[in-house]
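Shown next, in C-alpha cells, is the structure this report addresses.
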Amino acid sequence: MQVIEFAIVLLGQGGGIIDKPSPPPYLPHQGGGIINGEIYMYHIPKRGFTLIEIMLVVIIIGILVAMLVPNIAGRSEQARKTAARTDIESNLSTALDLYRMDVGQYPTTEQGLSALLTEPTASPIPAQWNGPYLKKKKVPKDPWGRDYVYVSPGTQNPESYDLSSLGADGVESSDDITNWGSEGK
C-alpha cells in the first residue's frame, strides 16, 4: 500500500498551503518538522485493523458458526443411531446367527451376548461351541455407552431373539433402536 502523505508548508508573510509529494527524508521525527523556517506536517497511516473491522469479522464468524453448529449437532445423534442400527442388524445379528449354526439355538437371556465371546457355563451348555463369534475381545456397548438389551426367546420375535438399544434417553421409549418393527428408524 502506497503511503499517502500530506505536507503543509506555511510560508512567511502571506502564508499559504502547498502540497508536497512526500516529506523530506531528513526530518527529525515522524509527523512533521521545521526545515529552513518552513513547517512540514504529514500523516503516515498506521498499519493494523480498526475496531470496526475486527468487530465485522467476529460478527461474520458468529453468523457462520450459528448456521453450521445445528447441522453438525444433529448429525452426531443421527450417526449414533446409525451405528446402533448397524450393530443390531449386522454385527451382532451375524454373530448370533453363527452361534445358532454351531450350537443349534440362540444363546438364552441368561447366557446373554457374552456367549458370543466365551463358552457359556449356564444351562443349556452348548456341545458344539466354536467361538468366539465376535472379533473384539468384549461385547460391544451401544453408542451411548450402555449394554444392548438381549432377550431370547424374544417377546417381539418368539422364534429367535429381541435385540435393542435404549437410545439416547436410556429408557424404553420411542427412540429405541430394535431388531423388530419400525421403532427408532
- [ ] Please state which one of Ile59, Ile72 is of a type in the set (Val, Ile, Thr), more than 28 Å from Pro143 (Cα to Cα) and either touching a Gly at 6+ places or on another chain (Cβ under 7 Å) or without any contact (Cβ under 8 Å) to a residue 60 or more places away in the chain (or both).
- [x] Ile59
Task: Criterion (more than 27 Å from Ala79 (Cβ to Cβ), surrounded by 15 or more Cβ atoms within 10 Å (Cβ to Cβ) and at pLDDT below 90) met by exactly one of Pro126, Pro158 - done: Pro126
TODO: Would you check which residues across segment 46-69 are modelled with pLDDT under 85 and surrounded by 10 or more Cβ atoms within 10 Å (Cβ to Cβ) and list them?
DONE: Phe49, Leu68, Val69
TODO: Among the candidates Tyr150, Tyr99, Tyr106, single out the residue that is in a loop (DSSP other than H, G, I, E, B), surrounded by 17 or more Cβ atoms within 10 Å (Cβ to Cβ) and at pLDDT 90 or above.
DONE: Tyr106
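The values are calculated or read from the model by the stated rules, or taken from the named source; none is laboratory data. Owing to the predicted nature of the structure, the values given are computational and were not obtained by experimental measurement. Cβ coordinates were reconstructed from backbone atoms using ideal geometry, including for glycine residues, and neighbour counts include every protein chain displayed.
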